[in-house]
């Protein structure tokens, strides 16, 4: 699978530089640290931006970018939240991988959810976080305990009928996670 991370950061660097006027390189993007249990997006950018980070976030949110749903400012950092369309593309690319993992609880759980049918990525932050985490584990070449926990708990934020409805929309994401789990970059 092509290096989606490099492609994404190249594209975002061009967009951010065009919107803010500040020089932005693909290598300036970082993975935010989720230290407070709150989602900090999928990417962060901590370079000095002319007019300040809050002004840069405003400018970026006013411009269209198909890969990004929202940019937030936090403590001088820009936090990038990827769009549903980007996650749908990740699902399509991951499902094309030739991998057939199976046997662990995580793999069996994703196999069950994948049988719910082929569907685009739900607009649910925990499911998108699980898919992003699985992609990063694939890219890194190994899974950490925290990666597995993010995937296994991707529907735990809702309860009752809402959880069942969410799980019924997770077939595509689960199939992609399963492929990412079994394939080595």
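Output the number of the condition that residue 66 fails; it satisfies all remaining conditions of (1) assigned by TED's automatic domain parsing to the domain that holds residue 29; (2) in contact with a strand residue (DSSP E or B) (Cβ under 8 Å, 6 or more places away or on another chain).
(2)
Return the only residue of 173, 99 being modelled with pLDDT of 95 or more, on the phi < 0 side of the Ramachandran plot and not assigned by TED's automatic domain parsing to the domain that holds residue 11.
None of the other options fit; the residue is 173.
Which of the numbered conditions does residue 163 fail, given that it passes all the others? Conditions: (1) surrounded by 14 or more Cβ atoms within 10 Å (Cβ to Cβ); (2) outside the structural domain of residue 13 (by TED's automatic domain parsing).
Just one mismatch for residue 163, condition (1).
Answer with yes or no whether residue 55 is over 13 Å from the mean Cα position of the chain (by Cα) and assigned to a strand (DSSP E or B).
Details: over 13 Å from the mean Cα position of the chain (by Cα): yes; assigned to a strand (DSSP E or B): no.
Criteria not met by residue 55.
Of all residues in region 79-96, how many are modelled with pLDDT of 90 or more and assigned to a loop (DSSP other than H, G, I, E, B)?
Within region 79-96, residues that are modelled with pLDDT of 90 or more and assigned to a loop (DSSP other than H, G, I, E, B) number 1.
For the structure I just gave you, tell me whether residue 179 is in a helix (DSSP H, G or I) and at negative phi. Outline the logic, then answer.
Details: in a helix (DSSP H, G or I): yes; at negative phi: yes.
Spelling it out, residue 179 is indeed in a helix (DSSP H, G or I) and at negative phi.
For region 126-146, give me the residue count where each residue is more than 12 Å from residue 182 (Cβ to Cβ) and either within 12 Å of the chain's Cα centre (by Cα) or outside the structural domain of residue 168 (by TED's automatic domain parsing) (or both). Please lay out each step first, then the result.
As a first pass, look at region 126-146 and keep what is more than 12 Å from residue 182 (Cβ to Cβ): 126-133, 135-136, 139-142, 144-146.
From what's left, either within 12 Å of the chain's Cα centre (by Cα) or outside the structural domain of residue 168 (by TED's automatic domain parsing) (or both): 126-133, 135-136.
Total satisfying the criteria: 10.
Report, by residue number, each residue of region 19-32 that is exposed (fewer than 15 other Cβ atoms within 10 Å of the Cβ) and under 15 Å from residue 57 (Cβ atoms). Spell out how you get there, then give the answer.
Here is the first cut: in region 19-32, the residues exposed (fewer than 15 other Cβ atoms within 10 Å of the Cβ) are 21, 23, 25, 27, 30-31.
Matches in region 19-32: 21 only.
Here is a list of conditions, (1) touching a helix residue (DSSP H, G or I) at 6+ places or on another chain (Cβ under 6 Å); (2) within 17 Å of residue 176 (Cβ to Cβ); (3) part of a helix (DSSP H, G or I), and residue 123 meets all of them except one; can you say which number that is?
Going through the list (1) touching a helix residue (DSSP H, G or I) at 6+ places or on another chain (Cβ under 6 Å); (2) within 17 Å of residue 176 (Cβ to Cβ); (3) part of a helix (DSSP H, G or I), residue 123 breaks only (3).
Taking region 166-176 only, how many residues are assigned to a helix (DSSP H, G or I) and surrounded by fewer than 22 Cβ atoms within 10 Å (Cβ to Cβ)?
We begin by selecting, within region 166-176, every residue assigned to a helix (DSSP H, G or I); these are 166-168, 171-176.
Checking the rest, the ones that are also surrounded by fewer than 22 Cβ atoms within 10 Å (Cβ to Cβ) come to 166-168, 171.
Number of matching residues: 4.
The values are calculated or read from the model by the stated rules, or taken from the named source; none is laboratory data. This one's a predicted model, so the numbers in the text were calculated from it and none came from an experiment. Because the Cβ atoms are built from the backbone with ideal geometry, glycine has one as well, and the counts that use them run over all protein chains shown.
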